[in-house]
Amino acid sequence: MVRVEKGLARRYRQERNFKRLGLGAILLGLLFVSFLFISIIANGYTAFQQTFVKLDVYYDPEMIAPVGETDPEILSAGNYGGLVKATMRELFPSVTNRRDKKKLYGLISTGASYQLRERVMQDPSVIGQRESIWVPADDDVDMLIKGHIDLNLPESDRRIKDDQLSWIQGLQEDDRVEKRFNKTFFTAGDSREPELSGIKGAASGSFFTLLICLSISFPVGVAAAVYLEEFAPKNRWTDLIEVNINNLAAVPSIVFGLLGLAVFINFFGLPRSVPMVGGLVLALMTLPTIIIASRAALKSVPPSIREAALGVGASPMQTITHHVLPLALPGMLTGTIIGMAQALGETAPLLMIGMVAFIVDIPGGAMDPSAVLPVQIYLWADSPERAFVERTSAAIMVLLAFLISMNLLAVWLRKKFERRW
Amino acid sequence: MDDVINQDGTVARELKTGTDAEVDMQSTNESQSRGTVGDIYVDDPRMTCRNVNVYYGDKQAIFDIDLDIGKNQVISMIGPSGCGKSTFLRCLNRMNDTIDVCKVTGQIKMDGQDIYDGALDVVPLRASVGMVFQKPNPFPKSIYDNIAYGPRIHGLSDDKQHLDEIVETSLKKAGLWEEVKDRLDQPGTGLSGGQQQRLCIARAIAVSPEVILMDEPCSALDPIATAKIEELIDELRENYTIAIVTHSMQQAARVSQRTAYFHLGKLIEVGETDQIFTAPKHRLTEDYITGRFG
Ligand SMILES: Nc1ncnc2c1ncn2[C@@H]1O[C@H](COP(=O)(O)OP(=O)(O)O)[C@@H](O)[C@H]1O
Ligand SMILES: [Mg+2]
């Protein structure tokens, strides 16, 4: 009895230690995750705001078109850049020197002229009128307002010079500078100008790519799993196939990119940089994941259910479609969504098929050239402008939001199907 | 098939080794058939098994079994575990087909039709030979859908109302109607073990089978639930032929008219239940009954 009690103390101690170890591991994991999130959010939240400058624009008929003109072609050919410059000159009449003027114009984003053009095209009656309009500031001004420019540095090392500083101060005193929600970030494609760049192009590219990927890999993966698990005879061939599927799951993703390049682009002649090819490549990559997860889900359906169905005279096909598949579906969906999340974050194979190109237009379909979110992150992270740093983090946040919502979807789907059964 | 069906309905067996099919079975009626003691024949058989051998891969699990299963009778199969009772039972509705390595030889006929005939479709066979398993295995669906599934896939009902009727009568026959009539839309898996097993019996009944096979249907149940099932089996006998595997000799004695004793894959003795339990002829049967091994 005494011996048992002695040992008991040791056993309990072991149990406590084990619990502590597990708790420690979880805390450490949480620490890393929160560190990751905090640093990304701290870096990126400012990208959701953008500095705007209020300009009192006189829509000069001489620069655009005569009053009353409505022909869009003539309207769009107007000198809107000149309009912005004229407005700036009007604001700071003391600036006369050519070099100073250039510095002055540099405070406003080149996007301002597009904005003016849009305004006029939308409502040609403004020609000849004067109107206040908020236009985006240049990214350097934006960085200054957000406090990312160190004013203690000598002027030559700064992207904002002393006279520009004084102009900005003048604008601020006039209440002409304001930080506003950065809509452009969600509605624009990529751009060389940080203040004009957005992730919509990359997000649409990712969407189309995943759509193609899902619509190929899910049906094919599930069908392959059902065949292998339920119908295939157990022989050397099926063993070989099984081994190969497991091996494919471990193949580095860049190899799939090379394969896609060779097969889809060089052999089938599909265009480069398009979500169609990206989706096909990612489908190849996620297939093994989906097949393995689906087979595991099929295996976990209790044999008693199959026996019950066969016992009342269901055919093998009915047994599978009526009983086994519905029970295995939650597991299959989980596997699929994990595969999709993997595909969403994949960069390497897409580099091989040219999805790393700089593409300004927002893709309208799977055959339009486009980038995808992770590649966009990679491209921005590589850009020298300070303003792209925060945009990189913001794009990562968007990507994470996508991933989290996909996972939530997986959980929700699983819950829904479980409740039905 | 070149079997000869004799005047009185018994079937002369097709001998594997020779063409001489007309072995006079009547003369061996009382004596051993391939070592089986007792009368393997009944006057009015629903199923006739002849020369049945079952192999799992290279391993033989069932040896040369001849047995008749009589109409509207309960036949129980007893024997030490691993002796092949389940294997034999599963031959009767070709459930063994689902096991890749399993091979069945010999002849099993139902109402004169060879069920292992290549031309025979196993789907209608399984509808007319229902099965109840050891562990209750209701579908993870509502009670209603559990019962309605069989009739639906076989197209037995004309409309919703007819289907409702089938569900109701099946549940009534299985003695479950009163307990579940108010919650037909609730999951069958939410019932107690005994109710689940009766639900499975009702599910088997719903496709109007002629034979019901039961493989230790009460082994996972408490005594009260067991008593209910036994009562039910007795009632079902009126309309169905039942073959039940059980490890409880009391149960065999209570519910069955005939009893077959299996030992190491062989059918040792078969006879009237009373006779088997009071005056077994074979020493192995006697040893088992008296509890010398088991
Ligand atoms: N699926 C199977 N694969 C291989 N051998 C099996 C299988 N099922 C049963 N057997 C073997 O067949 C013999 C008879 O088993 P079974 O019919 O289940 O016996 P019982 O139901 O009488 O306990 C046993 O020796 C068992 O090991
Ligand atoms: Mg058994």
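The values are calculated or read from the model by the stated rules, or taken from the named source; none is laboratory data. This one's a predicted model, so the numbers in the text were calculated from it and none came from an experiment. Backbone-built Cβ (ideal geometry, glycine too); neighbour counts: all protein chains shown.
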Run down A:240, A:248, A:270, A:259 and say which single residue is assigned by TED's automatic domain parsing to the domain that holds residue A:209, surrounded by 15 or more Cβ atoms within 10 Å (Cβ to Cβ) and either under 20 Å from residue A:225 (Cβ atoms) or not aliphatic (A, V, I, L, M) (or both).
A:248
Residue B:156 passes all but one of the listed conditions (1) more than 11 Å from chain A (Cβ to nearest Cβ); (2) surrounded by fewer than 21 Cβ atoms within 10 Å (Cβ to Cβ); (3) not in a helix (DSSP H, G or I); the exception is number (1)
Just a yes or no: is a residue in the range A:315-332 touching a strand residue (DSSP E or B) at 6+ places or on another chain (Cβ under 6 Å) and within 12 Å of chain B (Cβ to nearest Cβ)?
no
Residue in the range B:23-57 that is modelled with the lowest pLDDT, counting only those that are farther than 24 Å from residue B:277 by Cα and among the small types (Gly, Ala, Ser):
B:27
Only one of (1) within 14 Å of chain B (Cβ to nearest Cβ); (2) of a type in the set (Val, Ile, Thr); (3) part of a helix (DSSP H, G or I) does not apply to residue A:292, and that is (1)
Taking residue B:51 as the residue in question, decide whether it is of a type outside the set (A, V, I, L, M, F, W, C), within 16 Å of ligand 2 (Cβ to nearest atom) and more than 12 Å from the chain's Cα centre (by Cα).
no
Checking the conditions here, which among A:366, A:371, A:357, A:343 is part of a helix (DSSP H, G or I) and of a type in the set (Gly, Ala, Ser)?
A:343
Has the range B:87-102 got at least one residue that is over 22 Å from residue B:124 (Cβ atoms) and away from ligand 2 (no atom under 16 Å from the Cβ)?
yes
Can you report the number of residues in the range B:86-119 which are among the aliphatic types (A, V, I, L, M) and within 23 Å of residue A:234 (Cβ to Cβ)?
4
Applying the selection to the range B:84-134, what residues are within 12 Å of another protein chain (Cβ to nearest Cβ), in contact with a helix residue (DSSP H, G or I) (Cβ under 9 Å, 6 or more places away or on another chain) and of a type in the set (D, E, K, R)?
B:90, B:94, B:97, B:126
Filter the range B:192-221 down to the residues that are in contact with a strand residue (DSSP E or B) (Cβ under 6 Å, 6 or more places away or on another chain), away from ligand 2 (no atom under 13 Å from the Cβ) and facing chain A (nearest Cβ under 10 Å) and list them by number.
B:200, B:204, B:209
Of the residues that make up the range B:164-179, is at least one more than 16 Å from ligand 1 (Cβ to nearest atom), among the aromatic types (Phe, Trp, Tyr) and either at positive phi or within 14 Å of chain A (Cβ to nearest Cβ) (or both)?
no
Name the residue, out of B:115, B:65, B:99, B:75, that is more than 9 Å from ligand 1 (Cβ to nearest atom) and either more than 16 Å from the chain's Cα centre (by Cα) or modelled with pLDDT of 95 or more (or both).
B:75
Cβ pairs under 9 Å, 6+ apart or interchain, first in the range A:351-369 and in contact (Cβ under 8 Å) with a residue 60 or more places away in the chain, second surrounded by fewer than 14 Cβ atoms within 10 Å (Cβ to Cβ) and polar (S, T, N, Q), ordered by first then second residue, are A:362/A:187
With the condition kept exactly as written, say whether any residue in the range B:119-141 is within 20 Å of residue A:316 (Cα to Cα), within 16 Å of ligand 2 (Cβ to nearest atom), more than 13 Å from the chain's Cα centre (by Cα) and of a type outside the set (A, V, I, L, M).
yes
Scan the range B:197-214 for residues that are surrounded by 23 or more Cβ atoms within 10 Å (Cβ to Cβ) and either hydroxyl-bearing (Ser, Thr, Tyr) or outside any loop (DSSP other than H, G, I, E, B) (or both) and report the count.
12
Single residue of A:59, A:45, A:12 found to be touching a residue at least 40 places away in the same chain (Cβ under 8 Å), over 21 Å from residue A:197 (Cβ atoms) and outside the structural domain of residue A:388 (by TED's automatic domain parsing)
A:59
Return the residues of the range B:62-85 that are on the phi < 0 side of the Ramachandran plot, within 16 Å of ligand 2 (Cβ to nearest atom) and surrounded by fewer than 21 Cβ atoms within 10 Å (Cβ to Cβ); say none if nothing qualifies.
B:80, B:81
Which one of the conditions (1) within 16 Å of ligand 2 (Cβ to nearest atom); (2) surrounded by fewer than 21 Cβ atoms within 10 Å (Cβ to Cβ) does residue B:189 fail to meet, given that it meets all the rest?
(1)
Consider residue B:144 carefully, then state whether it is buried (at least 16 other Cβ atoms within 10 Å of the Cβ), more than 21 Å from the chain's Cα centre (by Cα) and either more than 9 Å from chain A (Cβ to nearest Cβ) or part of a loop (DSSP other than H, G, I, E, B) (or both).
yes
